[in-house]
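Asks: Have a look at this one.
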Amino acid sequence: MISIEGLTVEFGGFTLLDNISFVINKKDRIALVGKNGAGKSTLMKIIAGMQTPTKGSTGVPRDTTIGYLPQEMQLSDTRTVREEAERAFEHIHETENEINRLNATLAERTDYDSDAFGNLIERVTSLSEQFRMMGGTNYHAELERTLTGLGFTRDDFDRPTAEFSGGWRMRIELAKLLLRRPDVLLLDEPTNHLDIESIQWLETFITTRANAVILVSHDRAFINNTTLRTLEIELGHIYDYKVKYDEYVVLRKERREQQIRAYGNQQKMLADTEAFIERFRYKASKAIQVQSRIKQLEKIERIEIDEEDNAMLRLKFPPAPRSGSYPVVIENLSKRYGDHCVFAGATFTINRGDKIAFVGKNGEGKSTLVKCIMNEITDYEGTLKLGHNVKTGYFAQNQAQLLDESKTVFETIDYVAQGDIRTKIRDILGAFLFGGEASDKKVKVLSGGEKSRLAMIRLLLEPVNLLILDEPTNHLDMRSKDVLKSALHDFDGTVIVVSHDREFLDGLVDKVYEFGNKRIREHLGGIYDFLEYKKIESLRELERKTAGDAAATASAVTGVTPAVAAGQNNPVSYDEQKEQARLVRKLEKTVAETEQQIAATEANISALEARMVTPEGAADASLYAEHEKLKNELSDAMNKWEKAIEALEKHN
């Protein structure tokens, strides 16, 4: 569908991308990987038409649409959430306005037999057909499903976007992009501002409803669940693996081992050749052979290896004083902002050495509780006590603003490092993408992401026994995340992590605190144990709802209200339990069947659209009728699937 041919990008004599070529096919799900600064975002911008390469070309068919979500953007705050999201359908509004204008013209004219009148009729008919094909009659439902999937409530739809944080406004931009249904979707770190539930919804959207997708993400679980092809950029070259990320890691390791062996063999050959040239350079009898070897050296393409990918650095926290057995004790804690209750009645104890995760939708109080623990918020109700000798280290996104901008990167870390760790400062900086000359940069010239990484390094070197990390992985690549995760795993203090990164939390935390519905609930086990439990809990909620519906039906016959029936404390009968389980199985079967129907209908639509773009197909009116029928079937199937999913996930 899109072909990249001989693409080269140079900056001031440095070659970022060197003569790369590849093809993006329909329905491709591509993960674009490589270290920070390798050129991933640059390549995305070139494909999106926002940047011009030094050499080479990007072949995009005329009618192909491309949607691009960058890491950062300037957002408008003059509309409501619904109005801003509806901008995704501007093409539908333009078509509708044109139809209305033409109909008004037709109503005024009386030359019914003229060619001009006939042409207007044909134009209105054609536009009306396009309007139906674009979903002009049912896009409101799709808009609401998408906003809800990305975490907005119906009460949010009519709120001004200015009331939302930058992360929530980015969700609105993502919703607009998804609603446009471009032929190629380019997503640069789309999960940075999403919670776990929204990420899982986005995964489902990409795998079931998107067209071609290229994404850059440091969320390993997300790209494993959404992509089937991996493009790696290394040292300006591109390597194409037709596998998902986990399989790519294995194949990449094998290729690198082969590359290292080839590099070693080449270095030996070069050394032998150079030794021969040096030995016989001044012997006339060997002149021809010497010249032949010199030419041979000039023609050899030197093998390069990215040295930063070599050994994994292990970072160890400095020793810290031992805290009391219970670093944090919370009893009946509540926090309100005016009439709005964030959470209420929270009671739990964090033990020394616990590694716990705070999870839940954005806005449910995770960061608020962290600020209460840090004593940044004090006007709460209830009791919050820190244990004996607790020394707290805190990382939040605004920590970057507290750095001394007059210092260099190296000086910032050298100032807090103590003991033997000072001999490894440059290695640590390299692991967090401040290798080489970057360590000598002034803090004031760093980007927001770079400052966040620097603040993270500084925190890791301070002697503390309670670490609180609020979204620590947003600006880290996978290698840096592995370094951080390993260090936290070996840390003998207490750790609280607010994060949506399932892969980062997996194997790190042993307890999960869920924030939602103004409550904080404790779950023992790791993050995937929690996610599995949530599925079970969802079914229990569904069973309770089904039992309530059955009780309401029974009350209509017996005259006993559900409340009275509940007061009688009658147990649910065996037959009622069987009926509840049967309904759950029926819903699960409906979800599976509609997913198959959606996939089959989308395949039929794609095949039909391929026929419609041919000269013969464009003239065949029956194809347009069939296309409209299939689109309606797809819309009905999507509505059925959404209702079944909502039923299964009720009160999740």
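Asks: Can you pull out every residue in the stretch 216-231 that is of a type in the set (A, V, I, L, M, F, W, C) and over 20 Å from Lys481 (Cα atoms)?
Replies: Once the filter is applied, which keeps residues that are of a type in the set (A, V, I, L, M, F, W, C) and over 20 Å from Lys481 (Cα atoms), the stretch 216-231 yields Leu228, Leu231.
Asks: Please work out which residue is surrounded by the most Cβ atoms within 10 Å (Cβ to Cβ), limiting yourself to the stretch 570-611 and to residues that are within 21 Å of Pro182 (Cα to Cα) and at pLDDT below 75.
Replies: Glu609
Asks: Identify the residue in the stretch 485-500 that is buried (at least 21 other Cβ atoms within 10 Å of the Cβ) and assigned to a loop (DSSP other than H, G, I, E, B) and, among all such residues, is farthest from the chain's Cα centre (by Cα).
Replies: Gly493
Asks: For residues in the stretch 618-632 being over 39 Å from the mean Cα position of the chain (by Cα) and modelled with pLDDT under 75, which is nearest to Arg62 (Cα to Cα)?
Replies: Looking at the filtered set, the residue picked out is Ala619.
Asks: For the stretch 395-484, which helices (runs of 4 or more DSSP H) that fit wholly inside it have 3 or more residues that are of a type in the set (Gly, Ala, Ser)?
Replies: Helices (runs of 4 or more DSSP H) meeting the threshold: 448-460.
Asks: Within 15 Å of Phe515 (Cβ to Cβ), in a helix (DSSP H, G or I) and at pLDDT below 90: does that describe Ser367?
Replies: yes
Asks: Within the stretch 131-144, which residues are in contact (Cβ under 8 Å) with a residue 12 or more places away in the chain, of a type outside the set (S, T, N, Q) and open to solvent by 50 Å² or more (accessible area, probe 1.4 Å)?
Replies: If the condition is that a residue be in contact (Cβ under 8 Å) with a residue 12 or more places away in the chain, of a type outside the set (S, T, N, Q) and open to solvent by 50 Å² or more (accessible area, probe 1.4 Å), then Arg132, Met134 are the ones that fit.
Asks: Suppose we filter Thr226, Thr273, Thr230 for residues that are touching a helix residue (DSSP H, G or I) at 6+ places or on another chain (Cβ under 6 Å) and over 25 Å from Asp28 (Cα atoms); which single one remains?
Replies: Only one candidate passes the filter, namely Thr273.
Asks: I'm trying to understand the selection: among the residues of the stretch 404-424, which are open to solvent by 80 Å² or more (accessible area, probe 1.4 Å) and either farther than 23 Å from Pro319 by Cβ or modelled with pLDDT of 85 or more (or both)?
Replies: Glu405, Glu411
Asks: Still on this structure: For residues that are farther than 17 Å from Val216 by Cβ and out of contact with any Lys or Arg (no Cβ under 6 Å at 6 or more places or on another chain), tally how many sit in the stretch 179-196.
Replies: Total meeting the criteria: 5.
Asks: Name every residue in the stretch 254-279 that is acidic (Asp, Glu) and either surrounded by 14 or more Cβ atoms within 10 Å (Cβ to Cβ) or at pLDDT below 85 (or both), in order of residue number.
Replies: Hit for the stretch 254-279 is Glu257, nothing else.
Asks: Something else about it: So how many residues does the stretch 107-130 have that are without any contact (Cβ under 8 Å) to a residue 40 or more places away in the chain and surrounded by 14 or more Cβ atoms within 10 Å (Cβ to Cβ)?
Replies: Summing the residues that are without any contact (Cβ under 8 Å) to a residue 40 or more places away in the chain and surrounded by 14 or more Cβ atoms within 10 Å (Cβ to Cβ) in the stretch 107-130 gives 7.
Asks: Return the residue satisfying two criteria in turn: it lies in the stretch 98-114 and is of a type in the set (Val, Ile, Thr) and either within 20 Å of Glu129 (Cβ to Cβ) or part of a helix (DSSP H, G or I) (or both), and of such residues it is farthest from the chain's Cα centre (by Cα).
Replies: Thr105
Asks: Select from the stretch 501-510 the residues that are open to solvent by less than 20 Å² (accessible area, probe 1.4 Å) and not in a loop (DSSP other than H, G, I, E, B) and write down the one among them that is farthest from Ala320 (Cα to Cα).
Replies: Filtering the stretch 501-510 for residues that are open to solvent by less than 20 Å² (accessible area, probe 1.4 Å) and not in a loop (DSSP other than H, G, I, E, B), the one farthest from Ala320 (Cα to Cα) comes out as Arg502.
Asks: While we're looking at this one, here's another question. Evaluate the stretch 136-151: report whether one residue or more is over 23 Å from Trp641 (Cα atoms) and either touching a Cys at 6+ places or on another chain (Cβ under 8 Å) or in a loop (DSSP other than H, G, I, E, B) (or both).
Replies: no
Asks: Under 8 Å between Cβ atoms, at least 6 apart or on separate chains: pull out the pairs that start in the stretch 229-252 with a residue that is closer than 21 Å to Ile303 by Cβ and end on any residue that is exposed (fewer than 14 other Cβ atoms within 10 Å of the Cβ) and among the small types (Gly, Ala, Ser).
Replies: Ile238/Ser21
Asks: I'd like to know if the stretch 354-363 contains one or more residues that are in a strand (DSSP E or B), in contact (Cβ under 8 Å) with a residue 60 or more places away in the chain, of a type in the set (A, V, I, L, M) and surrounded by fewer than 18 Cβ atoms within 10 Å (Cβ to Cβ).
Replies: no
Asks: Looking at this structure, is Thr52 modelled with pLDDT of 85 or more and touching a Phe, Trp or Tyr at 6+ places or on another chain (Cβ under 8 Å)?
Replies: Criteria not met by Thr52.
The values are calculated or read from the model by the stated rules, or taken from the named source; none is laboratory data. What you see is a predicted model, and the numbers here were worked out from it, not measured in a lab. Here Cβ is always computed from backbone atoms with ideal geometry, including for glycine, and neighbour counts include all displayed protein chains. Just the protein is used for accessible areas: all its heavy atoms, side chains included, with ligands, DNA and RNA removed. Shrake-Rupley method; radii C 1.70, N 1.55, O 1.52, S 1.80 Å.
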